[in-house]
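The block underneath contains the structure these notes are about, expressed in structure tokens.
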């Protein structure tokens with residue numbers, strides 16, 4: 001990106017810059033090849049997830065956030081992670097069904 005283009009972009013209003021960011025983000029998300037993981041990256045990710053997150057029930061995993069008192073229940077598909085629930089770790093719900 002040239003400095004001239006960068007300067008022009010910073011002349012846009014905050015709302016215009018946010019709109020541009022949304023459009024750019026969507027253009028990246030629509031390009032599957034741009035986001036594809038190599039086999040090595042996928043294996044590393046799977047290894048790290050297996051080490052860090054415990055299996056809570058069947059294919060459902062649980063991750064506890066270290067900085068905040070929250071936990072996340074999720075499942076992993078080939079190309080997606082489905083978040084099933086986010087819970088506050090210091091509250092005690094009577095029942096938490098998956």
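Report, in degrees rounded to the nearest 10, the 0 to 90 angle that the Cα long axis of helix 39-52 makes with the longest principal axis of the chain.
It works out to around 50 degrees.
Rounded to the nearest 0.05, what FRET efficiency do residue 85 and residue 5 give with R0 = 41 Å and r taken as the Cβ-Cβ distance? Could you check?
The computed FRET efficiency comes out at 0.40.
I'd like the orientation of helix 14-29 relative to the chain: the angle between its Cα long axis and the longest Cα principal axis, in ° from 0 to 90, rounded to 10.
60 degrees
To one decimal place, what Kirkwood hydrodynamic radius in Å is obtained for the chain from all pairs of distinct Cα atoms?
Taking every pair of different Cα atoms in the chain, averaging 1/r and inverting gives 17.2 Å.
Could you tell me the relative contact order of the chain? Use alpha-carbon pairs under 8 Å, at least six residues apart, and round to a whole percent.
The value is 11 percent.
Could you line up 76, 81 from fewest to most neighbouring Cβ atoms inside 10 Å? Intermediate results must be reported in sequence, preceding the final value.
Working: 76 16, 81 12.
The most exposed by this proxy come first: 81, 76.
Every number here is computed from the coordinates shown, using simple stated rules; none is lab data. As the structure is a computational prediction, the values presented were derived from the model and not from experiment. Don't worry about glycine lacking a Cβ; one is built from the backbone with ideal geometry, like all the others, and counts go over all protein chains shown.
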